[in-house]
Structure formats: structure tokens, C-alpha cells
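The values are calculated or read from the model by the stated rules, or taken from the named source; none is laboratory data. This one's a predicted model, so the numbers in the text were calculated from it and none came from an experiment. Virtual Cβ from ideal backbone geometry, glycine too; neighbours counted across all protein chains shown.
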């Protein structure tokens, strides 16, 4: 992922501290129904990483078998593959069969770019129907959906966004990510946007990237968190940032949070398993969970050389 990337020397000058909870988040969590056990899932964005062969995938694992191996280490996937193609149910069923031995696994498909970036949510009913018809084949393994809007999708399109979200099926949770800076920079626009998401019961993606601290907005329109964490090749700041996230998630759970989806990204994805392992270890420790952790064949050495 290149979004929000900065040079290594710049990392020392970035304030990575998480903002205080805005009033929307306080109100959302306070109103949430109490849930004794927090639902937590940790995963990556892709399973097709050749760099993981010999690390978590056995030596000589073929690409066709990467998903078979991925589900042995993680309990969810931010499915970016569906951004590039609208897959028929037959392909979705093949992926499901590979993951079915992990009863806790969830696929979290990203809306097709033909919907979000090409049609820009306008006159997108037909392709949206095709998208949903395909992903519903995941059945019980279907997690929340992720609608990412491009850098040039501005607040002027808020009416179209609201109209699109209002007509989506209500039985599958959806989270939205916006990237144009005006969504965050103008207080009135920010409040209207997140208020609209709360009104239509749609979640907000929180993207924690080094060079775009405005996207770490901490707004929860629903009592569910969808976090996209962008690390920097296991820089020491990656670990301190995760430590703070774990404490915030712990506090949110005490306040009423019902689920968290934590997706790991790295500018160099070879290191995503290591950071996933760390966040899972800390979540298990701080929240008394027993989330599955990656099982390493070997870990890279000399990361800070």
C-alpha cells in the first residue's frame, strides 16, 4: 500500500498519538447493547504473497494453494481481489471451500472499482446486484463489506453517497472509507458525513497511515470498528502505535464496542505476518482472548540493520 507513505527519516517527526474520542463515538458506544465478549478479527489484505513462502507458507507452496495456507494463520481477509473484478458465485464458492476448515474465518470483500471509482456510485444498480450475488456465496464466511472511495471523491458527492448506501441490503454490514481531505478538514462537512453514516447504520473505516493522520478520525457511527493499519516494515514506531491501538480498543470494549476488524498493511507486505502476530498477541493479553496467531516457519532477520 502506497497511501500515506513517508520516508523513514520522516517517521521521527510524526505525531502518531491517537486522537481523543469525538462525541459521536462516545454517544454510539454509550447507546450500544452490552456484549460480554468482544468479537475480534485480525488479518491481512491479500493471501497471494510469494514472500510468505518459507515464512508461514511451506516451501514450494504453489500460488494456487496460498489461500489454503493463509486460513491456517489468520481468521479474516480484507478481500481486495473483489475490487478488481466482480466474481461469479462459482469462484466465490471455490474460495469458501478452501477456508471452510477454519470455522471462524471471514471474507471481507471490497466493493468493485466499477461501482466506486468508475461509476462513482451513480447508475450502479446492475453492477451492485452482480457484486452482491457473487459474494453472498460466502454464506456464513461472509464478513462486513468495505466501500473505498477515491482521492478525488469530494464532499460534493455526499447526496449520491447517502442515496447509494440507503439502497444497499441491510443484512450485511458495510464500512466506508473516504480519502479527499475536505471530508476531514471542514468541521461542518465532517459532522454531516459521519452523522449521515450513523443515520443509515453504516460504519466508518479508520485508516492509520503515517502521512495521512486526518484519516485516523476515531469516529464510530456504529459500535463496530474497521481499522486499516499501515505499518512501515517493522519500524519501532509500528509497535508503539499498535500498543496504543490495543489500549483504545480495550477502552472501547468497556464503553460498548461490539466488534473490531483489524487489517494489517505494510508498504512492504512481506512483513505483515510479523505485525499481525504482534497485534494478536497484545489483544489476547489485554482482552483475555485466544485469537489464532501466525505460525512461523522462519522469521526474517536483520530487520533493523
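What to note about this one:
- Only residues that are outside any strand (DSSP E or B), in contact (Cβ under 8 Å) with a residue 40 or more places away in the chain and out of contact with any strand residue (DSSP E or B) (no Cβ under 8 Å at 6 or more places or on another chain) were counted across the stretch 192-220, and they come to 4.
- Taking the stretch 1-17 as the range and being without any contact (Cβ under 8 Å) to a residue 24 or more places away in the chain and either in a loop (DSSP other than H, G, I, E, B) or in contact with a strand residue (DSSP E or B) (Cβ under 9 Å, 6 or more places away or on another chain) (or both) as the test, only 7 passes.
- Total residues in the stretch 72-105, condition under 24 Å from residue 278 (Cβ atoms) and not in a helix (DSSP H, G or I): 12
- Residue check for residue 69: assigned to a helix (DSSP H, G or I) and either in contact with a strand residue (DSSP E or B) (Cβ under 9 Å, 6 or more places away or on another chain) or at pLDDT 95 or above (or both): yes
- Any hit, the stretch 233-254, residues being touching a helix residue (DSSP H, G or I) at 6+ places or on another chain (Cβ under 8 Å), assigned to a loop (DSSP other than H, G, I, E, B), touching a residue at least 24 places away in the same chain (Cβ under 8 Å) and over 24 Å from residue 282 (Cα atoms): no
- Residue within the stretch 176-185 that is assigned to a helix (DSSP H, G or I), in contact with a strand residue (DSSP E or B) (Cβ under 7 Å, 6 or more places away or on another chain) and closer than 28 Å to residue 11 by Cβ present: no
- Only residues that are in contact (Cβ under 8 Å) with a residue 40 or more places away in the chain and surrounded by fewer than 18 Cβ atoms within 10 Å (Cβ to Cβ) were counted across the stretch 18-45, and they come to 12.
- Single match in 111, 193, 146, 131 (criterion: within 20 Å of residue 259 (Cα to Cα) and buried (at least 17 other Cβ atoms within 10 Å of the Cβ)): 146
- Residues in the stretch 48-66 that are over 21 Å from the mean Cα position of the chain (by Cα), part of a helix (DSSP H, G or I) and touching a residue at least 24 places away in the same chain (Cβ under 8 Å): 51 alone.
- Odd one out for residue 212 among (1) within 16 Å of residue 32 (Cα to Cα); (2) surrounded by fewer than 23 Cβ atoms within 10 Å (Cβ to Cβ): (1)
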